[in-house]
Amino acid sequence: MSQGCLFVVSAPSGAGKTTLLKRILAATPRIGFSVSHTTRQPRRGERDGVDYHFVDRADFLRRREHGDFLEWAEVHGNFYGTSRQAVNRVLEQGGDVVLDIDVQGARQLKGLADIDPVFLFIAPPSAHVLEQRLRGRNTDDPQVIALRLENARREMVEAEWYDYLVVNDVLAQAEALLKAIISAERCRRRRLPDGTPLPPYRA
Ligand code: ADP
Ligand code: 5GP
């Protein structure tokens, strides 16, 4: 049986990951987004069940104890986790799944041979641009922005073990690169459904 592909995407906060993933998901057939659970407060415009499942701390901890999360981490002072059940359901149906998770969560998935994820890191062109983007987004308090910038320095070091690195300078170019990576991974022979025939060929 063929199994879908798990695309694990990480980036320092403000690098443009959400912007890029929204465009990719809208334009790519047969790919789903894993909606994470978080204890963070919703930002303006975010919808429960669409951007995240917004839960309180007690609810999150209960799910964690129950083993509901494929991975989880505390990021910038809040808990975030990926629902094991939701991911497996899509993968078993042969669909691909995108996980937007931080570097700690990605590391937890690195060791799981049975799901064989592809790891993509999106980097900003510079620390200065990252700060401008976080300020320009206008969704976080200055203290929150300062924490995210400090964490970015540590997160950038982790890029070295990811399979792919995409620098999000010009948005359209970064989007094209991400689409190319997804297309290439889908063509890997080991991912093709069992029994996929080669095209007819006669010498
Ligand atoms: P993340 O999800 O990585 O935290 P966002 O997608 O929210 O980041 O992007 C942060 C800000 O930067 C947003 O205001 C977004 O519109 C802007 N942005 C994203 N990509 C680019 C780009 N390539 N050029 C300029 N601005 C960008
Ligand atoms: P934000 O609060 O800006 O939406 O996300 C903050 C960070 O949490 C981002 O790096 C994002 O990728 C990460 N994140 C979102 N969902 C999850 C998750 O389910 N697990 C982990 N480990 N990180 C997550």
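The values are calculated or read from the model by the stated rules, or taken from the named source; none is laboratory data. In this text the structure is predicted, and so the values were computed from the model without any measurement. Quick reminder, even Gly has a Cβ in these numbers, built from the backbone with ideal geometry, and neighbours come from all protein chains shown. Side chains are part of the model used for accessible areas, which takes the heavy atoms of the whole protein and leaves out ligands, DNA and RNA. Shrake-Rupley method; radii C 1.70, N 1.55, O 1.52, S 1.80 Å.
Observations
- In the range 24-51, the qualifying residues are those that are in contact (Cβ under 8 Å) with a residue 40 or more places away in the chain and over 27 Å from residue 154 (Cα atoms), and the one that is farthest from ligand 1 (Cβ to nearest atom) is 30.
- Qualifying residue in the range 114-134 (condition: open to solvent by 20 Å² or more (accessible area, probe 1.4 Å) and closer than 25 Å to residue 6 by Cβ): yes
- Output for the range 135-149, where each listed residue is open to solvent by less than 90 Å² (accessible area, probe 1.4 Å), part of a helix (DSSP H, G or I) and among the charged types (D, E, K, R): 137, 148
- Answer residue from the range 57-79, given it is among the aromatic types (Phe, Trp, Tyr) and closer than 20 Å to residue 115 by Cα and is least open to solvent (accessible area, probe 1.4 Å) among those: 69
- Scanning the range 103-113 for residues that are among the small types (Gly, Ala, Ser) and open to solvent by less than 10 Å² (accessible area, probe 1.4 Å) yields 105, 106.
- No other residue among 186, 202, 137, 89 is within 26 Å of residue 45 (Cα to Cα) and at pLDDT below 95 apart from 137.
- Residue within the range 152-172 that is near ligand 1 (Cβ under 10 Å from one of its atoms), charged (D, E, K, R) and over 16 Å from residue 13 (Cβ atoms) present: yes
- If you filter the range 96-126 down to residues that are in contact with a helix residue (DSSP H, G or I) (Cβ under 9 Å, 6 or more places away or on another chain) and part of a loop (DSSP other than H, G, I, E, B), you find that the one that is nearest to residue 28 (Cα to Cα) is 117.
- Condition met for residue 54 (within 12 Å of ligand 2 (Cβ to nearest atom), open to solvent by 30 Å² or more (accessible area, probe 1.4 Å) and at pLDDT below 95): no
- Residue count for the range 159-176, restricted to those that are open to solvent by 70 Å² or more (accessible area, probe 1.4 Å) and touching a residue at least 12 places away in the same chain (Cβ under 8 Å): 4.
- From the options 67, 45, 49, residue that is touching a Lys or Arg at 6+ places or on another chain (Cβ under 9 Å), over 25 Å from residue 180 (Cα atoms) and among the small types (Gly, Ala, Ser): 67
- For the range 1-57, the set of residues classified as assigned to a helix (DSSP H, G or I) and under 13 Å from the mean Cα position of the chain (by Cα) consists of 17, 18, 19, 20, 21, 22, 24, 25, listed by residue number.
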